[in-house]
Protein chains: 2
Amino acid sequence: MSTNASYHHGNLPRTIISAALDAIAESGPSALSLRDLARQAGVSHAAPAHHFGDRAGLLTAVAVQGFGLLADALAEAQRQTGDFLEVGVAYVDFAVGHPAHFAVMFRPELYRADDPELIAAKARAGESLYRGAAPFAASESGADSQEAALAAWSLVHGFATLWLSGNLPAGLPADPGQAARGLASALFSGRG
Amino acid sequence: MSTNASYHHGNLPRTIISAALDAIAESGPSALSLRDLARQAGVSHAAPAHHFGDRAGLLTAVAVQGFGLLADALAEAQRQTGDFLEVGVAYVDFAVGHPAHFAVMFRPELYRADDPELIAAKARAGESLYRGAAPFAASESGADSQEAALAAWSLVHGFATLWLSGNLPAGLPADPGQAARGLASALFSGRG
DNA sequence: CGGAGAAACTTGACACTGACTAGATTACCC
DNA sequence: GGGTAATCTAGTCAGTGTCAAGTTTCTCCG
């Protein structure tokens, strides 16, 4: 928090990640420049590498944070509504609300996929997702429940991806969560 | 076709694109190096730029080709089966069969989205997709037909994306198209 | 209090990249 | 055959990630 220029920045990792999120949200992970982040933070060009090792290390930290936030968001939606449909909406809302995280999380080639923290955070998010889909899956008597959960995941993931990449046609509701709710309810109506 | 080393390569654009597809399929579009492609083709480092302008130009060509192939694949599935479900399966099959194209097509920040050829190819693919989803949309009396088509698109796109990025859990059918067929039929069974 | 050791950061260098310019070579066509 | 356009080469520039070594500051223990 010290604003005066000292040798030690004090909170470099957090600052770097925050700047990285802004940059990624604006131009994607590919265009991310560690040197640019360092400049923004007012430190030397090699400072980020000291904390994150390398580019992949920084993006690993972003992905870990992202999976953690996603797990929280899904669990919260599940707790509040108990409705599997709303868990799906929460998934889309997360993607739209945290575009930078989302842009990194599902591209393992960008980060260190074998990082222990990453694996843990990912597992936690997976659990939240599965727990959210469970009510629907249970109602799917006959059909494979895991298959139903996977279908729901594919639907919201696909919609979020297409939305974020700007590939959806115009004329949709301004709020993507609302649009997703419409899609999902149209698809799942009268079942369960 | 001349194999002897002449000043003119003869078919550089095709060769470059082909090498680019291999490289993208292996390490993603971000890791693509124009200089490396030039080396593989046995030409100088600046030769690719002459044909494609720059990196974005090359990826634009890849995207155009990709949307063309997708349009063909969807139209073919629609023609042969007339089943909207099989059009969705064809979408997944295309993604898995042309991972490099697919990895570029839906990331407009990588290429020149305002390129006329690109816009045309994309429109053609969109039409094929919409035509494929039409039977299903029509059966959705009451529900917005465009909404139904969008839901179907989201489902297959999400599944393909998750599959390609290696984010799906183990235990699925080895053939992604088959897995997608299962998902979609489970979701759409008894409707229409 | 003070000094050792660890942590945070800087400086400098290297190999690599995409992009640009100017020039050399070749194909094409009247 | 000669002129013109297309193709490709060669050289250069600014920018990047990564590494190694040095400097500054913090922390904590005696």
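Below, the figures for the structure above:
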quantity: Any pair with Cβ under 6 angstrom, 6 or more apart, that starts in segment A:123-149 at a residue that is farther than 16 Å from residue A:76 by Cβ and ends at one that is modelled with pLDDT under 85 and surrounded by fewer than 16 Cβ atoms within 10 Å (Cβ to Cβ); calculated: A:136/A:192; A:139/A:192
quantity: Test result for residue A:63, within 16 Å of residue A:103 (Cα to Cα), within 12 Å of DNA strand C (Cβ to nearest atom), within 14 Å of chain B (Cβ to nearest Cβ) and out of contact with any Gly (no Cβ under 6 Å at 6 or more places or on another chain); calculated: no
quantity: Some residue of segment B:47-62 being within 20 Å of residue B:179 (Cα to Cα) and not charged (D, E, K, R); calculated: no
quantity: Filtered residue count, segment A:151-192, keeping only those that are of a type in the set (Lys, Arg) and in a helix (DSSP H, G or I); calculated: 1
quantity: Residue list for segment A:14-28, restricted to those being of a type in the set (Ser, Thr, Tyr) and closer than 14 Å to residue A:63 by Cα; calculated: A:18
quantity: Odd one out for residue A:112 among (1) charged (D, E, K, R); (2) in a helix (DSSP H, G or I); (3) within 25 Å of residue A:19 (Cβ to Cβ); calculated: (2)
quantity: Test for residue B:164: is it modelled with pLDDT of 95 or more and surrounded by fewer than 24 Cβ atoms within 10 Å (Cβ to Cβ); calculated: yes
quantity: Positions within segment B:167-192 being modelled with pLDDT of 90 or more and among the charged types (D, E, K, R), in sequence order; calculated: B:175, B:181
quantity: Residue list for segment A:33-47, filter: crowded, with 18+ Cβ neighbours inside 10 Å and within 6 Å of DNA strand D (Cβ to nearest atom); calculated: A:34
quantity: Check on residue B:70, within 25 Å of residue B:11 (Cβ to Cβ) and in the same structural domain as residue B:155 (by TED's automatic domain parsing); calculated: yes
quantity: Residue match in segment A:48-64 (condition: hydrophobic (A, V, I, L, M, F, W, C), near DNA strand D (Cβ under 9 Å from one of its atoms), over 25 Å from residue A:123 (Cα atoms) and touching a residue at least 12 places away in the same chain (Cβ under 8 Å)); calculated: yes
quantity: Total residues in segment B:15-32, condition part of a helix (DSSP H, G or I), away from DNA strand D (no atom under 12 Å from the Cβ) and touching a residue at least 12 places away in the same chain (Cβ under 8 Å); calculated: 9
quantity: Per-region count, segment B:39-64, residues within 23 Å of the chain's Cα centre (by Cα) and either of a type in the set (A, V, I, L, M) or at negative phi (or both); calculated: 14
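Okay, residues lined up against (1) more than 16 Å from DNA strand C (Cβ to nearest atom); (2) in a loop (DSSP other than H, G, I, E, B); (3) of a type in the set (A, V, I, L, M, F, W, C); (4) in contact with a strand residue (DSSP E or B) (Cβ under 7 Å, 6 or more places away or on another chain):
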residue: B:13; (1), (2), (3), (4): no, no, no, no
residue: B:38; (1), (2), (3), (4): no, no, yes, no
residue: B:45; (1), (2), (3), (4): no, yes, no, no
residue: B:48; (1), (2), (3), (4): no, no, no, no
residue: B:58; (1), (2), (3), (4): no, no, yes, no
residue: B:92; (1), (2), (3), (4): yes, no, yes, no
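Condition check ((1) polar (S, T, N, Q); (2) assigned by TED's automatic domain parsing to the domain that holds residue A:184; (3) modelled with pLDDT of 95 or more) across all residues:
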{"position": "A:2", "(1), (2), (3)": "yes, no, no"}
{"position": "A:16", "(1), (2), (3)": "no, no, yes"}
{"position": "A:21", "(1), (2), (3)": "no, no, yes"}
{"position": "A:40", "(1), (2), (3)": "yes, no, yes"}
{"position": "A:48", "(1), (2), (3)": "no, no, yes"}
{"position": "A:64", "(1), (2), (3)": "no, yes, yes"}
{"position": "A:88", "(1), (2), (3)": "no, yes, yes"}
{"position": "A:92", "(1), (2), (3)": "no, yes, yes"}
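The values are calculated or read from the model by the stated rules, or taken from the named source; none is laboratory data. The shown structure was predicted, so the numbers you read here are calculated from the model rather than taken from an experiment. Every residue, glycine as well, gets a Cβ built from its backbone with ideal geometry; the counts of neighbours run over all protein chains shown.
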